[in-house]
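Shown next, in structure tokens, is the structure this report addresses.
The values are calculated or read from the model by the stated rules, or taken from the named source; none is laboratory data. Please read all numbers here as calculations on a predicted model, not as lab measurements. Virtual Cβ from ideal backbone geometry, glycine too; neighbours counted across all protein chains shown.
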Amino acid sequence: MSTQFDIKQYLIGKEPFYQAQGDEIGLYQAAYAARLPVMLKGPTGCGKSRFVEHMAWKLGKPLITVACNEDMTASDLVGRYLLDANGTRWLDGPLTLAARYGAICYLDEIVEARQDTTVVIHPLTDHRRALPLDKKGELIQAHPDFQLVISYNPGYQNLMKDLKQSTKQRFAAMEFDYAAAEVEAGIVSKEAGIDTGTAARLVRIGETARNLKGHGLDEGISTRLLVYAATLINKGIAPRAACRMALVRPITDDADIRDTLDHAIDAIFE
């Protein structure tokens, strides 16, 4: 690894908007001060990733984010040897970069990764705070500023996709959920630049869909999708068309559920 690497490229320059819903900011600051690994639990699109970005900005620390997937290997996290014109060279993976240079490493939706892959984080999440690079014969002692943060959606967990207890019990955990209606309307209004009245109507549609979770829907409409609908409206798209495009069609192919939500949209934006 070249000594020219600059971890500052992962600093977040502009404050990411995040609306606090409770004491989560203070809790995270205390966890970071103690360098505790943190697990964020909550439904899709409720603000977990935005929260991590906001806290990295607030703390002035670099943030390296990894979107986990089922094809991700341990080498994708820690690094591998690559061939080039001069032979082979080692390339650090994102987890190694964070541990070596002192960044917050955020593993998003960690249950999507194979369990044999997630085991590599264990030595970084206890008193050792170390990362062995077996292929390279190196043991990295984590930088004092390093912290590991993971997120996952408990609503999707099953026997095949869940974290082992041996992994869960290495983390302090914070639970997230969709904001209260008034707060969520304010978030949608701020993010998309629309009036609060329209934002409140969108939130009502979101609540309708969330009430169908477990009754035909695996997941309700996220705050992220509400912002998408509001953005389309702000671009001149009629509210009903924007809602169908951004709120209904992405989350279901079931004709009955789609009709139910379409009728709710028509009633709210009559």
Those helices (runs of 4 or more DSSP H) lying entirely in the range 146-228 with at least 2 residues within 21 Å of Glu112 (Cα to Cα): 165-168
Within the range 237-256, of all residues that are under 13 Å from Glu219 (Cα atoms) and in contact (Cβ under 8 Å) with a residue 40 or more places away in the chain, the one surrounded by the most Cβ atoms within 10 Å (Cβ to Cβ) is Leu247
Could you please let me know if Asp71 is surrounded by fewer than 17 Cβ atoms within 10 Å (Cβ to Cβ) and modelled with pLDDT under 90? no
Of the residues in the range 74-84 that are surrounded by 20 or more Cβ atoms within 10 Å (Cβ to Cβ) and of a type in the set (A, V, I, L, M, F, W, C), the one that is nearest to Ile150 (Cα to Cα) is Leu77
One residue from Ala200, Ala142, Ala192, Ala185 being within 24 Å of Ile104 (Cα to Cα), in contact (Cβ under 8 Å) with a residue 12 or more places away in the chain and in contact with a helix residue (DSSP H, G or I) (Cβ under 6 Å, 6 or more places away or on another chain): Ala142
For the range 84-116, name all the residues that are touching a His at 6+ places or on another chain (Cβ under 9 Å) and either in a loop (DSSP other than H, G, I, E, B) or of a type in the set (A, V, I, L, M, F, W, C) (or both). Ala98, Ala99, Gly102, Ala103
If I filter the range 190-202 for residues that are modelled with pLDDT under 95, over 21 Å from Leu27 (Cα atoms) and not basic (Lys, Arg), do I get at least one hit? no
If we ask which residues in the range 125-134 are in contact (Cβ under 8 Å) with a residue 60 or more places away in the chain and more than 13 Å from Gln169 (Cα to Cα), their number turns out to be 1
Output for the range 225-258, where each listed residue is touching a Lys or Arg at 6+ places or on another chain (Cβ under 9 Å), of a type outside the set (A, V, I, L, M, F, W, C) and closer than 24 Å to Ala180 by Cβ: Pro239
Can you confirm whether Ile7 is over 16 Å from Ile121 (Cβ atoms) and touching a Pro at 6+ places or on another chain (Cβ under 7 Å)? yes
Leading residue by the ranking (modelled with the lowest pLDDT) among those in the range 13-48 that are surrounded by 18 or more Cβ atoms within 10 Å (Cβ to Cβ) and of a type in the set (Val, Ile, Thr): Thr44
Report, ordered by the first and then the second residue, all pairs with beta carbons closer than 6 Å, sequence separation of six or more or different chains, a first member in the range 92-116 that is in contact (Cβ under 8 Å) with a residue 12 or more places away in the chain and within 20 Å of Leu59 (Cα to Cα), and a second member that is part of a helix (DSSP H, G or I) and of a type in the set (A, V, I, L, M). Leu95/Leu77; Leu95/Val78; Tyr101/Ile7; Ala103/Ile7; Ile104/Ala56; Cys105/Leu95; Cys105/Ala98; Tyr106/Val52
